[in-house]
Amino acid sequence: DGYSFQNRFVGDYVLYGTGNTWWTPDAKGTTLVAAAVRSDDVTQIPLDHGVERIEAMGADAIVVGADKKDLHFQAIELTAGPRPSLGDRYTLEGASQGETRSHAFFFKPDPRERDNTAGVMALPVARAARPGHRQLVENSASILFLRRAARQFRPLGELEANESGVVDDACQASCVDWYGNARPIFLSKRTFALMGYEIVEGELGDRNIREKRRINFAPRAK
């Protein structure tokens, strides 16, 4: 199924696998393939969940994918040993991706760390687990922020959407179907979450993220 095939160049590897991008998540695992681009070495890494997203995480990679009920963030170590291998994993229970298109994920390296795999990542999520195609008609519930330090994940929390009083304007100003409407934004030292008509600013700390302010551009009810 071409719609569920994911691939990404990260460092000296091309990684690829398949997942549940558009259909109802299931418990079936898959295999991530890491093929070296400068040699004939190929490493197959079994996973117990699907591959819905592959992204660069500094010099390493991260695979995001769901099973029947949970969303998993799996680090792929590309620089820790002679061959690619599984690293730390964080599981968000009862969740799925809120937006599967490429702009939804962002990784901000941490300049304070000597390790070039450390930083903060963010991704829109939805509750509970749902088929990927629901992103075309539903908004994300929140944006999840994770810190990676010493090759370990630490959840920082979420910036949540508030849909109370939102009016459907039939895509006159914003439309989830065409280009997606949820993404994290790291602007200099400031951190934002765009979710539909809302922009939420968060204060990012070493151990958590908290909401500072928000603004909503949704049309007013007539």
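Structure data summary
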item: Residue among Gly17, Gly65, Gly29 that alone is over 30 Å from Phe192 (Cα atoms), surrounded by 20 or more Cβ atoms within 10 Å (Cβ to Cβ) and touching a Leu at 6+ places or on another chain (Cβ under 8 Å); result: Gly17
item: Residue within region 68-76 that is closer than 22 Å to Ala161 by Cβ, outside any strand (DSSP E or B), open to solvent by 30 Å² or more (accessible area, probe 1.4 Å) and modelled with pLDDT of 85 or more present; result: yes
item: Output for region 73-111, where each listed residue is more than 16 Å from Val14 (Cα to Cα) and in contact with a Gly (Cβ under 6 Å, 6 or more places away or on another chain); result: Glu99, Thr100, Arg101, Phe107, Lys108, Pro109, Asp110
item: Residues of region 40-73 satisfying the condition of being among the acidic types (Asp, Glu) and closer than 11 Å to Gly17 by Cβ; result: Glu52
item: Out of Arg83, Arg38, sole residue that is touching a strand residue (DSSP E or B) at 6+ places or on another chain (Cβ under 7 Å), without any contact (Cβ under 8 Å) to a residue 60 or more places away in the chain and assigned to a loop (DSSP other than H, G, I, E, B); result: Arg83
item: Check on Lys108, touching a strand residue (DSSP E or B) at 6+ places or on another chain (Cβ under 7 Å), in contact (Cβ under 8 Å) with a residue 24 or more places away in the chain and open to solvent by 10 Å² or more (accessible area, probe 1.4 Å); result: yes
item: Top-ranked residue in region 162-210 [being open to solvent by less than 70 Å² (accessible area, probe 1.4 Å) and among the charged types (D, E, K, R); ranked as modelled with the lowest pLDDT]; result: Asp169
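The values are calculated or read from the model by the stated rules, or taken from the named source; none is laboratory data. Note that the coordinates shown come from a computational prediction; the quantities given were computed from them, not determined experimentally. Methodologically, a virtual Cβ is constructed for each residue, glycine included, from the backbone with ideal geometry; neighbour enumeration extends over all protein chains shown. Quick note on the areas: whole protein, heavy atoms, side chains included, nothing else; ligands and nucleic acids left out. Shrake-Rupley method; radii C 1.70, N 1.55, O 1.52, S 1.80 Å.
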